[in-house]
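First the structure, in the form of structure tokens, and then the observations on it.
The values are calculated or read from the model by the stated rules, or taken from the named source; none is laboratory data. Owing to the predicted nature of the structure, the values given are computational and were not obtained by experimental measurement. Quick reminder, even Gly has a Cβ in these numbers, built from the backbone with ideal geometry, and neighbours come from all protein chains shown. Keep in mind that these areas ignore ligands, DNA and RNA; they rest on the heavy atoms of the full protein, side chains included. Shrake-Rupley method; radii C 1.70, N 1.55, O 1.52, S 1.80 Å.
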Amino acid sequence: MDMKVSKKLGLKERYTMMTRDLAWDTTFQPMDKVFPQVGYEGIKIHDWNAWEDPFRLTMDAYWKYQAEKERKLYAILDAFNQNNGHLSVTDARYINVLKLFLGSTPPLELMAARGFSMVARQMVGAGPRVACMMQSVDEYRHFQTQIHSISNYNRFYNGLDEFAHQQSRMWYLSDGKSFFDDAITAGPFEFMVAIGFAFEYVLTNILFVPFISGAAYNGDMAAMTVGFSAQSDEARHMTLGLECIKFMLEQDPDNLPIVQRWIDKWTWRGTRKLASVGMMMDYMLPKRIMSFKEAWEIYFEQNGTALFTDLARYGVKVPKCFDQTIEEKEHITHQSWIGFYMKPDATPFHTWMPQPEELDWLSEKYPNTFDTYYRPVYEHWIAQEKAGKRFNNKTQPMNCQVCVSTIKFNEPGDPMEMCFRETVYKGEKFHFCSDHCREIFEDEPEKYVQTFISSHAALQGKCEPEGTDVNAHDYRPGARMHAYWRMDKRASGDFNGSEDQKNFAKWRAQATQN
Amino acid sequence: MTLLKTLAPYDFPSSDAVENYAGRQLLYINWERHRMFSRPFVLALAPETLFGEIIDTHMTDCFSYHPDWAQIDWRAVRWLNGSRPVVLDRNKSLADNGIGHKDLIRLITPGLDGIAGSGY
Ligand SMILES: [Fe+2]
Ligand SMILES: [Fe+2]
Ligand SMILES: [Zn+2]
């Protein structure tokens, strides 16, 4: 018997066989019934084959690359853990960065995984479907590796263990949750603009670069490696997001206004979400890499301008919020830190007042705003703290109906005034942090009237820990929020005097002295 | 007009409709140019609640941490409901003061601009 030895397939051939050749058009059911989601948003696609597959990666090659990354990552994590790497970070304040960042991000990675696997099912073309499937697996991997990274810290420090429970309940996690809930309940094309483009392409650098370099600079090799391992997937994610934008715009001129509205909406939503990342850079890293303002200038203003210059040939304009974000870069991190500092009982991480040299660093990095608006109140609080009167605002917050941030930003052009916007829909009043959020609401009010605002839900009696007797004579809705959140008391309050602070000092002394 | 597009009928109630508060209504309170408190706070109160009670308990509990609170000249204060100037009587109820569900009441204290005039 003659055996015909076939030549090894070329990359391109192999790719075609492993992706497009696996797809078929349905015949028992019409295609638009099998794929109803690609039509209802109003995006017109005439030729799915025109989708350019930006990275010709087959599934088998994908597994090989990713497995290699995982091997390296876990080797480093293991070594870090075995050598008590947590004691080599700059100081114990740094751990609070992990509590904030790694306590809020994994559930969002999981939502991204779910979103991309949904979109992978909803898209018609095999190219986008395979790419979305890979991204879904990537996001699932990020979710897992981040949890593995915090698990070691969780053995030593307080407040890391209830992030999954807190995700859909806790006031300050509501902005991220709402961001992904909004995206995943949109259609596949809007989801791609929201996550694939606005988040991955426009904003991911500002999320990851400060986190990774901040971790490295502060001696946290574990978080740094997890960050790098995730970041190496981001190149693919960005390419997918951009390709999807270009595909929509090339397919039909009627797509432009729809896509533009989504770009405006999601760039703004992403910007609001990143306020707390900026706060981490300016206030929480004991050794700072660059100010949020500097990062915004490099990664958003400069890169963004280049990107939108490139997209101008399709008629796309820079996002509507662009100018407002430039004004706000001088303010939002300070306003966010004030918002967290004044609520010491309500976060599973610690807050603190900057040390004198840190105040000077802020003055230097924010010459236009820091000394005028923010230093005086900090110096006041530092004096109060010394007098034993650390600030603790016991009240419950007012939140934006769209981005679910607490309403804490200034009126554009006037840093001394708060920015409030409202609208009435079906006889009910709704409040917003900005013109942009109000516009998002007014475009689709049916969606945003359902927003979960934890302080409101609490006042309705919907946030009670198990076993609460709602018929007791002294029952007050929302009075047991800490139990409902499963807040570890040791993890909240000021950093100074905390158990983490004491333990870290003790363990480090044991590790470095006799 | 809504831009929402859906594949199926889409009709869900508002999460914070007044019916959800068992006879009470939401009220937001802000003290202008005293941004130390970061954001307004929210209360759920019966519409019969006297406005003066809100000042004497809820606002005082929260805002008296600020050194300006003791300096307020209550004859000179002004109020806004959202962006609309309003006259509020401390001896009248929320309802009689025309304050409805989810109204935002803003206190303006002329001459007091926060710590070192910073607005905080
Ligand atoms: Fe990710
Ligand atoms: Fe990603
Ligand atoms: Zn908002």
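In terms of the Cα gyration tensor, with a ≥ b ≥ c the square roots of its eigenvalues, is the range A:62-124 rounded because a/c is under 1.5, prolate because a/b exceeds b/c, or oblate? Write down the numbers at each step before the final one.
Details: a/c = 5.29, a/b = 1.61, b/c = 3.28.
Taking the square roots of the gyration eigenvalues as a ≥ b ≥ c, the range A:62-124 is oblate.
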| query | Tell me, what is the 1.4 Å probe accessible area of B:LEU94, in Å² to the nearest 10? | reply | 0
| task | Grab the Cα-Cα distance for A:VAL470 and A:LYS44, subtract it from 0.36 nm times how many residues apart they are, and report the gain in nm with one decimal. | result | 148.1 nm
| task | Output the direction-averaged projected area (hull surface divided by four) of the convex hull of the alpha-carbon atoms of the range A:36-94, in nm². | result | 9.0
| field | Over the range A:265-361 - Rg/Rh using Cα atoms and the Kirkwood inverse-distance radius | value | 1.06
| B:THR6, B:THR109, reordered so the largest accessible area comes first (probe 1.4 Å) | B:THR6, B:THR109
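Rounded to whole Å and ordered largest first, report the semi-axes of the equivalent ellipsoid of the range A:127-171 derived from its Cα gyration tensor (root of 5λ).
Values: eigenvalues 167, 42, 4 Å².
Output for the range A:127-171: semi-axes of 29, 14, 5 Å.
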| query | Where the Cα atoms of chain B are projected onto their three principal axes, how long is each span, largest first, in whole Å? | reply | 57, 32, 24
| Ranked from the most accessible area to the least, with a 1.4 Å probe and all protein chains present, what is the order of A:GLU243, A:GLU442? | A:GLU442, A:GLU243
| What lysines sit close enough to A:LYS44 to cross-link, taking a C-alpha to C-alpha distance under 28 Å and skipping anything fewer than 8 places away on the same chain? | A:LYS33, A:LYS246, A:LYS265, A:LYS317, A:LYS320, A:LYS447, B:LYS5
| message | Pairwise over distinct Cα atoms, reciprocal of the mean inverse distance: report the Kirkwood radius of the protein assembly as shown in Å, one decimal place. | response | 26.4
| What nm distance separates the two modelled labels at B:ALA22 and A:TRP24, each placed 7 Å from Cα along Cα→Cβ? | 6.0
| query | So how strong a dipole does the protein assembly as shown carry about its Cα centre when Lys and Arg Cβ are +1 and Asp and Glu Cβ are -1, to the nearest 20 debye? | reply | 1100
| remark: Chains A and B: accessible area buried, summed over both chains, 1.4 Å probe, nearest 100 Å², reads 4600
| What ratio of Cα Rg to 2.2 N^0.38 Å holds for the range A:199-308? | 1.20
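Which loop trypsin sites (Lys or Arg not before Pro) in the range A:88-177, with loop taken from DSSP, have no more than 14 other Cβ atoms within 10 angstrom of their Cβ? Show your work: numbers first, answer last.
Values: sites: A:ARG93, A:LYS99, A:ARG114, A:ARG121, A:ARG129, A:ARG141, A:ARG155, A:ARG169, A:LYS177; in loops: A:ARG155, A:ARG169.
Counting only loop positions with at most 14 other Cβ atoms within 10 Å, the trypsin sites (Lys or Arg not before Pro) in the range A:88-177 are A:ARG155.
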| task | Scan chain B and report its longest stretch carrying no trypsin sites (Lys or Arg not before Pro) that are both in a DSSP loop and have at most 15 other Cβ atoms within 10 Å. | result | B:6-74
| Positive dipole terminus of chain A, leading residue within A:GLN513, A:PHE163, A:CYS132 (C-beta point charges) | A:GLN513
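Of all trypsin sites (Lys or Arg not before Pro) in the range A:279-339, which ones are in loop regions per DSSP and have a Cβ with at most 15 other Cβ atoms within 10 Å? Let's see the in-between values first.
Details: sites: A:LYS287, A:ARG288, A:LYS293, A:ARG313, A:LYS317, A:LYS320, A:LYS329; in loops: A:LYS287, A:ARG288, A:LYS317, A:LYS320, A:LYS329.
Sparse-neighbourhood loop trypsin sites (Lys or Arg not before Pro): A:LYS287, A:LYS317.
With a 1.4 Å probe and every protein chain left in place, work out the accessible area per residue of the range A:273-356 in Å², rounded to a whole number.
Working: 2470 Å² over 84 residues.
Normalised by residue count, the accessible surface of the range A:273-356 is 29 Å².
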| task | Quote the accessible area belonging to A:TYR40 in square angstrom, nearest 10, computed with a 1.4 Å probe and with ligands, DNA and RNA left uncounted. | result | 50
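Leaving out ligands and nucleic acids, note down the accessible area per residue over chain B with a 1.4 angstrom probe, in whole Å².
Working: 5600 Å² over 120 residues.
Roughly 47 Å² per residue, with all protein chains present.
Taking the range A:9-67, which GluC sites (Glu not before Pro) meet the DSSP loop condition and have no more than 14 other C-beta atoms within 10 Å? Let's see the in-between values first.
Details: sites: A:GLU13, A:GLU41, A:GLU52; in loops: A:GLU41, A:GLU52.
Hits after loop and neighbour filter: A:GLU52.
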| task | Go ahead and estimate [θ] at 222 nm for the protein assembly as shown from helices alone: -39,500 (n - 2.57) per DSSP H run with n ≥ 4, summed, over the residue count, rounded to 500. | result | -13500 deg cm²/dmol
| remark: Mean-square fluctuation maximum in Gaussian network of chain B, Cα pairs under 10 Å, restricted to B:ASP11, B:ASP56, B:ASP68, hits B:ASP11
| query | Ignoring ligands, DNA and RNA, what percent of the 1.4 Å accessible area of the protein assembly as shown is carbon and sulfur? | reply | 53
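Taking the convex hull of the Cα atoms, report for the range A:1-66 its projected area averaged over all directions, in nm². Please report the intermediate quantities before stating the final value.
On the way: hull surface 32.8 nm².
Mean projected area of the Cα convex hull: 8.2 nm².
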| Cut-off 20 Å, label 7 Å out along Cα→Cβ of B:ALA95, residues of the range B:45-73 by amide N | B:45-55
| field | Theoretical gain in end-to-end length, A:ALA235 to A:ASP488 [0.36 nm per residue, Cα-Cα removed] | value | 87.3 nm
| field | Heavy atoms of A:ASP252: accessible area, 1.4 Å probe, square angstrom to 10 | value | 20
| message | Can you give the FRET efficiency to the nearest 0.05 for B:TRP74 and A:ASN392, using r as the Cβ-Cβ distance and R₀ = 25 Å? | response | 0.45
| said: With the crude spin-label approximation of a point 7 Å out along Cα→Cβ, what separation in nm comes out for A:ARG313 versus A:ASP254? | reply: 2.6
| said: Going 7 Å from the Cα of A:LYS502 along its beta-carbon direction, which residues of the range A:140-156 have the amide nitrogen within less than 17 Å of the resulting point? | reply: A:156
| At what distance in angstrom do the alpha carbon centres of the range A:422-493 and the range A:324-368 lie from each other? | 25
| task | State the answer as a single residue: which of B:PRO40, B:ILE72, B:SER93 lies farthest towards the positive end of the charge dipole of the range B:21-117, with beta carbon charges of +1 for Lys and Arg and -1 for Asp and Glu, about the Cα centre. | result | B:PRO40
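Could you give the accessible area per residue of the range A:397-514, probe 1.4 Å, as a whole number in Å²? Could the numbers behind the result be given before it?
Numbers: 5430 Å² over 118 residues.
The answer is 46 Å² per residue.
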